[in-house]
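We did not get these values from a lab; they are worked out from the coordinates using the rules stated. All figures in this text were calculated on a predicted structure; none of them were measured in a lab. Backbone-built Cβ (ideal geometry, glycine too); neighbour counts: all protein chains shown.
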Amino acid sequence: MEVTFLGTGAAFSPHAYNAAILIDRTILLDAGAPLTVHLPKAGVALDEPRAVMLSHFHADHTFGLAWLILGRVLHHEDTPPLTVFGPAGCSAYLEQLLDFAWGEEMRRYSWDRLKLTVHELSGGDAFRVDGSPARAYRMRHTSRLNCLGFVMERDGVRLGYSGDAEMSAELEALVAASDHVITEMTYDEEAGGSMHLGRKDVEGMMQRHPSTRFIITHRGSNGSLNGAVIARDFLTLQLPL
Ligand SMILES: [Zn+2]
């Protein structure tokens, strides 16, 4: 499994772009990075991704989709269909995002051309993404939004992704179900905080799940973490590590 990080910063990080991770050139985990620049820069055409998995509807995880969706239909004649997975309300959110970004006419045009399919998921839902089995986990991040993490199985790797999350039993279950996990670490300070994970939270999970390899993204700072891989923008990893 090939994992390319197109954005590894927390929402307001001065060090890195916003969240987007590309799996095997075809699956995007979140879409906060400027994808019409970062996909080509990674050597991937705009019409290669087949599916986008959105963890939640914050701008730093989603706004890049407005560029990907319209840019793809304007630059590729016979663009393949695109499927979006996300929390409840995903279809209405995408409509709003595209209406606001480009107007209703362009939203309808790009939606039709991409044969856009939206699957709204709840915690515990099993689904298939680009042929691979996957499961959604309810994450605790902000009480006003439904937030998900995901585990997908592909090429013998069980890859987890926390999205944005604070500590919870569901996050522990997601990590336990993964042999590699991409997790956020917004707070580099020793003490954790609300809404997001801090260094101590991640260190605790690494101790409780010694057989899981940790990859850190959504970084609020440029710090390192012993025993974990720190993702940087445009880092590509081949899993298993
Ligand atoms: Zn968030």
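Regarding Glu172, is this residue acidic (Asp, Glu), out of contact with any Cys (no Cβ under 6 Å at 6 or more places or on another chain) and within 29 Å of Tyr93 (Cα to Cα)? Criteria met by Glu172. Taking segment 1-30 as the region of interest, how many residues are away from the ligand (no atom under 16 Å from the Cβ) and either closer than 14 Å to His218 by Cβ or part of a loop (DSSP other than H, G, I, E, B) (or both)? So the answer is 8.
Annotation: Thr142 fulfils all but one of (1) crowded, with 19+ Cβ neighbours inside 10 Å; (2) in a loop (DSSP other than H, G, I, E, B); the unmet one is (1).
Restricting segment 53-103 to residues that are outside any helix (DSSP H, G or I) and within 14 Å of the ligand (Cβ to nearest atom) leaves a set whose member that is farthest from Tyr161 (Cα to Cα) is Phe63.
When we screen Phe127, Phe150 for residues that are of a type in the set (Phe, Trp, Tyr) and within 16 Å of the ligand (Cβ to nearest atom), the only hit is Phe150. Condition first: surrounded by 23 or more Cβ atoms within 10 Å (Cβ to Cβ) and over 21 Å from Asn18 (Cα atoms). Now tell me which residues in segment 50-106 satisfy that. If the condition is that a residue be surrounded by 23 or more Cβ atoms within 10 Å (Cβ to Cβ) and over 21 Å from Asn18 (Cα atoms), then Leu82 is the only one that fits. Filtering segment 40-63 to residues that are closer than 28 Å to Arg140 by Cα and in contact with a Phe, Trp or Tyr (Cβ under 9 Å, 6 or more places away or on another chain) leaves Ala51, Val52, Met53, Leu54, Ser55, Phe57, Asp60, Thr62. When the test is whether a residue is among the charged types (D, E, K, R) and surrounded by fewer than 17 Cβ atoms within 10 Å (Cβ to Cβ), Arg113 does not pass it.
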